[in-house]
Amino acid sequence: MTNGIFISFEGIDGSGKSTQAKRLVATLRDLGHEVVHTREPGGSTGAEEIRSLVLEGDPDRWSAESEILLFTAARRDHMEKTINPAIDAGKIVVCDRFADSTRMYQGISRGDLRDVVDQLHRLMIGREPDLTVIVDMDPATGLARALSRQTSEERFEGFGEELQAKMRAGFLKLAEEFSDRCVVIDGARDMDHVAKEILETVQEHLS
Ligand code: ADP
Ligand code: TYD
């Protein structure tokens with residue numbers, strides 16, 4: 001049996017990650033691959049419960065430190081129940097956000113907690129994706145797209161354009177730090193164009 005492959009999508013809110021992850025999954029399935037489509041926070045029963053805790057309610061509900069623990073607990077369950085079994089079965093896992101999101105949102109948005117995020121990651125997760133697609137997008141467009149969605153998951157959406165800009169710069173820096181697995185894709189083009197470029201990148205990786 002061949003080894004599975006773990007692909008994550010990252011980027012600021014509203015950059016088009018979910019749209020592109022969905023399209024990639026559909027295309028890979030059409031090509032005959034077995035694909036597990038999942039997301040964070042969430043992707044397993046326990047982690048989806050934690051998702052409601054972290055994404056809904058008062059923006060001041062959790063400190064950044066508590067959030068690191070909650071997101072990491074959710075990720076650990078997601079790894080155990082969904083990601084690892086799929087990879088062990090030789091499937092392609094496509095995950096909408098993973099640990100890089102914690103490195104950004106909890107690691108740099110409210111003070112410098114990146115080292116804490118990395119320490120906990122090493123201790124409890126210990127795995128990076130094989131390929132990370134970072135969808136790059138200007139902060140104003142991303143925010144406008146994110147805010148146009150009707151959802152109760154809005155704890156992070158009141159953070160505004162300044163934070164979006166910080167996150168964008170952070171993701172671009174992360175792409176340099178993890179250049180062996182990260183690819184930056186310009187998300188400010190029509191969906192078909194973006195999807196084609198992502199598919200080409202993934203196919204290169206698969207071959
Ligand atoms: P994310 O998962 O990064 O938050 P989504 O995929 O949910 O972003 O996209 C946010 C919104 O922007 C959705 O309404 C989606 O239809 C729209 N959108 C996504 N990609 C594009 C694109 N390339 N051009 C225009 N609109 C887009
Ligand atoms: P998501 O549903 O992917 O939102 P969007 O489609 O707007 O990008 O993620 C919800 C929010 O959770 C998003 O604002 C980023 C945040 N988040 C963290 O703060 N830390 C994390 O570890 C993860 C996975 C997400």
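The numbers here are math on the coordinates, done by the rules we state, and not lab data. A quick note: this is a predicted structure, and the numbers were derived from the prediction, not measured. For neighbour counting, all protein chains shown are included, and Cβ atoms are generated from backbone atoms with ideal geometry for every residue, glycine included.
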Mean shadow of segment 108-196, computed from the convex hull of its alpha carbons, in nm²?
7.3
First measure r as the distance between the Cβ atoms of ARG127 and ARG149, then evaluate 1/(1 + (r/R0)^6) with R0 = 30 Å and state the FRET efficiency to the nearest 0.05.
0.50
Mind giving me the FRET efficiency for ASP190 and ALA64? R0 is 22 Å, r the Cβ-Cβ distance, nearest 0.05 is fine.
0.05
Rounded, prolate or oblate: which one fits the chain, using the alpha carbon gyration tensor with axes a ≥ b ≥ c (rounded when a/c is under 1.5, else prolate when a/b beats b/c, else oblate)?
oblate
Amide H contacts under 5 Å for VAL36, placed H, 5+ residues apart
ILE92, VAL93, VAL94
Would you check segment 5-206 for Lys pairs whose C-alpha atoms are within less than 28 Å, ignoring same-chain pairs closer than 8 in sequence, and give me the count?
14
Using Cα-Cα distances under 8 Å and only pairs 6 or more residues apart, what relative contact order does segment 5-206 have, in percent?
32
Between LYS22 and ARG114, with labels modelled 7 Å along Cα→Cβ, what's the label distance in nm to one decimal, could you check?
3.3
